[in-house]
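Below: the structure, in structure tokens.
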């Protein structure tokens, strides 16, 4: 029987509002017991002792929005390389998007992702399946069969289903199976050809742009469709105050709606595009400072449910281009926690409150067992120092891609170790 | 005070009007003025850029600007290479930066680049060792056009202080408009923008120009009327409903021009769409139109730009290892 004893830890659990010095025992890959008094009568003899030195021990993060390149664009990222990046970021469960080649739109492909992940990945990988075949927005996928195969939700990833009729039917059909639908809110017509947020800065740079209303229009449309169909719906990420207000109003009407925001949109605004920096070309585009502040307030108020990395690896061929031609996307697995912790260090939100948006809340939305410290649950854990500063160095990242929007920036919050099923999948000491 | 051969530009690139100081602008216009005189004499060939190589890299076709740069460089004695980008590896999927690296290895002295995307010239300037001149990047900037327009205006009007300049037409897609708004405002002119709402960019008032959607009001009392080209594909319902409706409300004809000040100058960066944004009768009337003069100023201004940039180049050739 394999036993791990974490001592001198600061136990953090958002689900039970626990923040206390204490210890935790892992037995056979599960959390056996934990608490402030554990091991007061002496350490277990047969256990590996891990002295946490007062660092925080929390449930591993659940990242609801990760793009990889497998299958189809393995030169950008594989499940294996993404999982190493996730582990280095304290993420123990990553939910991967179906935007691959081929698109994950049939049960055998869901099975492929699960098998590949089991064979190569060091963290849990949960696939979302496409909501419409080939992400074409024309006909729905086999939601029932895909769910049976293990798809945790249904989404067209970073694409919006243009047809209101198709979206209505997909939502209605998904509700039959109690399936979660994850939407992307960007009106495809209004944002056609756009490279950034419409406004003074886009005008000065002479870049094609789309107004924030491109997001609001789809958010409001999909809220109406949820009202019509009763489907469980999650906005993968929102980025504007107007969209947040619409979501808050929908929630107060009792609709089964939740939403996420990317760490990128909490930390950066449109001015960070600076002199055409393509690593900061993301989808939805970086918004005005007022909208960024609204996202921070939304997280602080608990109106935004989850924070995601929206990790989207791109290679030189897609980013070494002019801004208008460069691909959208930024990597974020390894910076999700420290960027989120900026809100804590800036006094915007409490540590446990932020951890909820990274652990227990996404787990609850996806109906997962993880994201909590609870006896009997799998030992998915992150050991981190919320205060320790470090500078982002793209060349030292574990991801196969280098397109971080935070190169050279300093954050506080260093991940020291990550455990999945009680197995150490990342150890900062080994990478120093 | 600046010596005759002293430095004019602080940087080794000309990427936009935004970064230019009044001193740099005045320095370039003064130098260009002297080239106008030289170009009008028989003695037009100089050896200032002898042994230097200028590469024209035009990702977007432009007979006018490309030949203007070519002529300017040749009059200064430089060797000119016109890269035909349509047939180069760019169309085979090479990234812009790969193209830049290849080009850089050929060690040109000055790279003149036009590209359909905003920021292309700046991107290249960060990756090559030579001087980069932006000959138009997307809807961003076209600095030599604005400078040659300023030269044309200055030669006719003496100064910019208090001049009312109405820039009319497709502001949204126009780099010429952006560069001119920035440059002419810096020089003290009062800039007005005249266009239907669909052809005005978001928050365009940030440039400090007056915005008009009514051409009669926009032209009232104007000293200079600068017309912009409206691309044909934008006239068929997307941005404006039809060419005839556009001409009725935003095309420059004698009737509308009467609102402007007597002695008004009419400018156009070319090529013109006669009968769409400008009536032939106005375009060809030498009483108002300085459109041909703009072309002549273009060569002189570009000579001044190349001269100024070459002053920053090492004298003993760049080809030594």
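Any read-out appearing in this document is the output of simple, stated calculations on the displayed coordinates, not a laboratory observation. Bear in mind the structure is a predicted one, so any value in this text is a computation, not a measurement. Here Cβ is always computed from backbone atoms with ideal geometry, including for glycine, and neighbour counts include all displayed protein chains.
Per-residue Cβ neighbour counts within 10 Å put A:310, B:34 in the sequence B:34, A:310, beginning with the fewest.
Nearest 10 degrees, 0 to 90: what angle lies between the long axis of helix B:175-186 and the longest principal axis of chain B (Cα atoms)? Helix B:175-186 sits roughly 90 degrees off the main axis of chain B.
Please report the base-10 log of the normalised intensity I(q)/I(0) for segment B:200-294, using a Debye sum with one equal scatterer per alpha carbon and no solvent, at each q in 0.11, 0.22, 0.23 (1/Å). Taken in order of the listed q values, log10 I(q)/I(0) reads -0.32, -1.24, -1.31. Rounded to the nearest 10 degrees, the angle from helix A:241-252 to the longest Cα principal axis of chain A is 70 degrees. If R0 is taken as 41 Å, the Cβ-Cβ distance between residue B:155 and residue A:317 corresponds to a FRET efficiency of 0.30.
In the calculated pair distance distribution of chain A, what percentage of Cα-Cα distances lie above 38 Å? Numbers along the way, then the final one.
Working: 15860 of 93096 pairs.
Percentage above 38 Å: 17.
Ranked by how many other Cβ atoms sit within 10 Å of their own Cβ, fewest first, the residues A:398, B:116, A:265 fall in the order B:116, A:398, A:265. Averaged over peptide A:314-322, the number of partner chain Cβ atoms lying within 10 Å of each residue's Cβ comes to 4. For the pair residue A:145 and residue A:53 in one chain, pulling the backbone fully straight at 0.36 nm per residue adds 28.4 nm over the alpha carbon distance.
As a proxy for reagent exposure, ranking A:240, A:164 by other Cβ atoms within 10 Å from fewest up yields A:164, A:240.
For chain B, what does the helix formula give at 222 nm: sum of -39500 (n - 2.57) over DSSP H segments with n ≥ 4, over the residue count, nearest 500 deg cm²/dmol? Could the numbers behind the result be given before it?
Numbers: 11 runs with 116 residues, N = 321.
Helix contribution divided over all residues of chain B: -11000 deg cm²/dmol.
Each residue, residue A:301 and residue A:172, gets one label point 7 Å from its Cα in the Cβ direction; the gap between the two is 3.4 nm. Volume of the convex hull of the protein assembly as shown (Cα atoms only), normalised per residue: 181 Å³.
With helices as the sole contributors, chain A gives -8500 deg cm²/dmol at 222 nm; each DSSP H run of n ≥ 4 counts as -39500 (n - 2.57), and the sum is divided by every residue. Summarising the label geometry, the points placed 7 Å from Cα in the beta-carbon direction at residue B:129 and residue B:238 lie 4.2 nm from one another.
Considering only A:161, A:66, A:103, the Gaussian network model of chain A with Cα springs below 10 Å gives its largest mean-square fluctuation to A:103. Computed from the C-beta positions of residue A:274 and residue B:274, the FRET efficiency with R₀ = 25 Å rounds to 0.05. Using the alpha-carbon positions of segment A:219-312, Rg (one decimal) and Dmax (whole number) come out as 13.8, 45 Å.
Comparing B:56, B:104, B:134 in a Gaussian network model of chain B (Cα springs below 10 Å), the most mobile by mean-square fluctuation is B:104. The long axis of helix A:336-345 is offset from the longest Cα principal axis of chain A by roughly 80 degrees.
For residue B:211 and residue B:21, a Förster radius of 25 Å and the Cβ-Cβ distance give a FRET efficiency of 0.40, rounded to the nearest 0.05.
Counts of other chain beta carbons within 10 angstrom of each beta carbon in peptide B:115-128 average 5.
Return the single residue from A:112, A:344, A:323 with maximal mean-square fluctuation; model: Gaussian network over chain A, springs between Cα atoms under 10 Å. With Cα springs under 10 Å in chain A, the top fluctuation among A:112, A:344, A:323 is at A:112.
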